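Let me begin by presenting the structure, written as structure tokens, before commenting on it.
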Amino acid sequence: MTSSHVRIGVIGAGFVGSALVAALLEEERHVALVDAATGTIELVGVAVRDITKPRPGVPVELLTDDALSLAAREDVDIVVELVGGIEPAKTYIETALRRGASVVTANKALMAAHGTALAALAHEHGADLHYEAAVAGAIPIIAALRSSLAGEKITRVLGIVNGTTNFILSKMTMEGLDYGVVLAEAQALGYAEADPTADVEGFDAAAKVQILSSLAIGTSLQGEEISREGISAIRALDVDFARRYGYVIKLIGVVERVGEWGVSRRTHPALVPASHPLASVNGALNAVFVEGQNAGPLVFMGPGAGGQPTASAVLGNVLHAARNRNAGRHDVPFTVDDRLHNVDIADLSSVFYISLDVVDEPGVLAQVASVFAHHHVSIQSMEQAGLASDARLNFVTHEAKTSDIDATLTDLRGIAAVESIGACLRVIGGAA
Ligand code: NDP
Ligand code: HSE
């Protein structure tokens, strides 16, 4: 049994780090009373980039601008990485793990790109690597998948795992506003960053999908490319179409078993039935919907971002690592199942909503319909919206293969009367 006094070093004191420091200073006073197994914890250092910035609540004697030395300090038992990005965060984490310190991180980009190697490094050195806050902020989905659902054959995970895009799409839905107007408002309110690319183009959600897939199904975390589409092309017109037909548009992350060993991992906007549990998850909230063979459908919902909610998940990991340390053990890494293979989205089928901006004249519908037919895409419903220069044809298909839809769109672009493809979005089914 090692010492029951555990020393913590925090690297990064931004939104999440500063909330964690406040919580840790509070927790130092209480933990020994509430949980003997955790022992006492002590915050011994906080590394930042700019040591001159005012940081209310962070004791100045703890501050350093030498993060690497904090990660390397022999008397630091748990290093918390809250910098973000790949480097230098990866070097800080590796430095801590190599000397047997446990690491807690909220860094989804790093975990998606290097999670398998970092987990192996932690195991090799008898240390923990925890990352609960990397997916869906305060929602304990990683613990649920690793522990409570460890014996479950998970068939599908659907999630709203990006708060910024959910805020934007919810506001477009409720107020009928255009994407650009709502994005500007989200930036003014601090929900979206000045450069919103990581969120609105789906990179953030894709990293979270990879992490969910590794835990739900057993895929690796080695920077694999997954299918990704963002929300920046969604128009108020599409949101209105969805509403009229009983759907809402959400950016969803999907992990899905295909057959016994196939896995599809993807993120894209989709029309979700208004009756689906994910449809009523609005604003910056996140939710993860898990379907298991025996457990049935489960929904986890809550704040997916923000300093305090995210720090809450980080603190839970810190206390878990402290308990493990005091008991002389560490958690084993997630299992990677080499039998799994990636299924290309082109081979998957879905119902699609397709909206075309067209010239309003006789014969256009017949030309368009023949292209759908040529590629074996069957039409479920069609409407003409708008007139003259504003004319649109909106289609909902029957289930069709993505590669057939792609071929259809390519040919439609070649028809002079089709001015542009306004939208092509997946429509997901009923309660599942
Ligand atoms: P911030 O940008 O607010 O904070 C980053 C912190 O890291 C700052 O204190 C910065 O120092 C420090 N830093 C940057 N570079 C270095 C460096 N080279 N060495 C030492 N310190 C450095 O980020 P967040 O708090 O928002 O995010 C932290 C992590 O948590 C990221 O991985 C993010 O993806 C993840 N996360 C964030 C959520 C959120 O809601 N914000 C939600 C879930 C996860 P300085 O203050 O001097 O600039
Ligand atoms: N940028 C993320 C979001 C928060 O909007 O959900 C960090 O995971």
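The values are calculated or read from the model by the stated rules, or taken from the named source; none is laboratory data. Only a predicted model underlies this, so the values are computations on that prediction, with no experimental measurement involved. So basically every Cβ, Gly included, is an ideal-geometry build from the backbone, and we count neighbours across all protein chains shown. What goes into the accessible areas is simple: the full protein's heavy atoms, side chains included, and nothing from ligands, DNA or RNA. Shrake-Rupley method; radii C 1.70, N 1.55, O 1.52, S 1.80 Å.
For this structure, a couple of remarks:
- Selected residue (only one of 229, 224 is under 28 Å from residue 141 (Cα atoms), modelled with pLDDT under 95 and more than 12 Å from ligand 2 (Cβ to nearest atom)): 224
- Leading residue by the ranking (farthest from ligand 1 (Cβ to nearest atom)) among those in the range 100-142 that are open to solvent by 50 Å² or more (accessible area, probe 1.4 Å) and part of a helix (DSSP H, G or I): 124
- Considered as a group, the residues in the range 179-218 that are farther than 17 Å from residue 249 by Cβ and charged (D, E, K, R) include one that is farthest from ligand 1 (Cβ to nearest atom), and that residue is 185.
- With respect to (1) assigned by TED's automatic domain parsing to the domain that holds residue 316; (2) in contact (Cβ under 8 Å) with a residue 40 or more places away in the chain; (3) open to solvent by 20 Å² or more (accessible area, probe 1.4 Å); (4) not aliphatic (A, V, I, L, M), the lone exception for residue 191 is condition (1).
- Positions within the range 52-62 being within 31 Å of the chain's Cα centre (by Cα) and near ligand 1 (Cβ under 9 Å from one of its atoms), in sequence order: 53, 55
- Scanning the range 296-308 for residues that are over 12 Å from residue 135 (Cα atoms) and either touching a Lys or Arg at 6+ places or on another chain (Cβ under 8 Å) or within 13 Å of ligand 1 (Cβ to nearest atom) (or both) yields 306, 307, 308.
- Matching entry among 38, 91, 95, 52 (being more than 16 Å from ligand 2 (Cβ to nearest atom), among the hydroxyl-bearing types (Ser, Thr, Tyr) and open to solvent by 60 Å² or more (accessible area, probe 1.4 Å)): 52
- Restricting the range 224-247 to residues that are open to solvent by 30 Å² or more (accessible area, probe 1.4 Å) and aliphatic (A, V, I, L, M), the residue that is farthest from residue 349 (Cα to Cα): 237
- Subset of the range 384-407 [touching a strand residue (DSSP E or B) at 6+ places or on another chain (Cβ under 8 Å) and either free of Cβ contacts under 8 Å to residues at least 40 places away in the same chain or under 14 Å from residue 355 (Cα atoms) (or both)]: 384, 385, 386, 391, 392, 393, 394, 395, 396, 397, 405
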